[in-house]
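The values are calculated or read from the model by the stated rules, or taken from the named source; none is laboratory data. Every value quoted in this text rests on a predicted model; they were computed, and no experiment measured them. For accessibility, only protein heavy atoms count, side chains too; no ligands or nucleic acids. Shrake-Rupley method; radii C 1.70, N 1.55, O 1.52, S 1.80 Å.
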Amino acid sequence: MTIPQHVIDELIAQAQKDAPLETCGYLLGKDGEVTENYWMENIDHSSEHFSFAPKDQFAALRYARQHGLKILANWHSHPASPSRPSQEDLRLANDPTIRYAILSLYQGIHLNSFGIKNNQVVDKQEHYVQNSDNISK
């Protein structure tokens, strides 16, 4: 899956705005190329987990169909932990046909996506890395 820089920038801005709470959404596109982020409310309002608002999920599906797009990944932020799936993330990754992307704000900014099947990571793809020593304050 490829994610253009303008979408990565949007994810980073959203995660920074919503921190210290986790933020979430779908990455939409075609043929493995993300074209846009579809933000969804984290109805848990938590810094350690997220749940999509059901109304947002239905709206995202409707939007994707209307625009000929597919859900390529579900994504969320980790404001204070690394860009890797937690045990809860693995347990809740129910669709093996999409990727699971995690944007971490911990010790820099890192965006990775994962293929997850049967509660196990089967592959990892690195999309963006900015270590904390490279971030201007």
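Surface composition of the chain: carbon plus sulfur atoms hold 49% of the accessible area, using a 1.4 angstrom probe and ignoring ligands, DNA and RNA.
Sequence-ordered 3J(HN,Hα) estimates for region 25-30 from the Karplus curve with 6.51, -1.76 and 1.60 and θ = phi - 60° stand at x, 10, 9, 10, x, 9 Hz, glycine and proline given as x. Length gained on full extension, K117 to A80: 10.8 nm, using 0.36 nm per residue less the C-alpha separation. For E36, the amide hydrogen comes within under 5 Å of the amide hydrogens of L28, counting only partners 5 or more places away or on other chains and with H modelled in the peptide plane. 3J(HN,Hα) couplings calculated from phi for region 72-86 with the Karplus curve 6.51 cos²θ - 1.76 cosθ + 1.60 (θ = phi - 60°) are, in sequence order, 8, 7, 9, 9, 8, 9, 10, x, 9, 8, x, 7, 8, x, 6 Hz; Gly and Pro show x. Taking Cα atoms only, the orientation of helix 54-66 departs from the longest principal axis of the chain by about 60 degrees. Across the chain, C-alpha contacts under 8 Å between residues 6 or more apart give a mean separation that, scaled by the residue count, equals a relative contact order of 19 percent.
Amide H contacts under 5 Å for A101: N74, W75, H76, F114, restricted to partners 5 or more places along the chain or on a different chain, H placed in the peptide plane at 1.01 Å from N.
Amide hydrogen proximity for Y106: with H placed 1.01 Å from N in the peptide plane, the residues at 5 or more positions away or on another chain lying under 5 Å are S81. The string of couplings for region 87-102 from the Karplus curve (6.51, -1.76, 1.60, θ = phi - 60°) is 4, 5, 4, 5, 5, 8, 7, 8, 10, x, 8, 10, 9, 10, 9, 10 Hz, one whole number per residue in order, with x for Gly and Pro.
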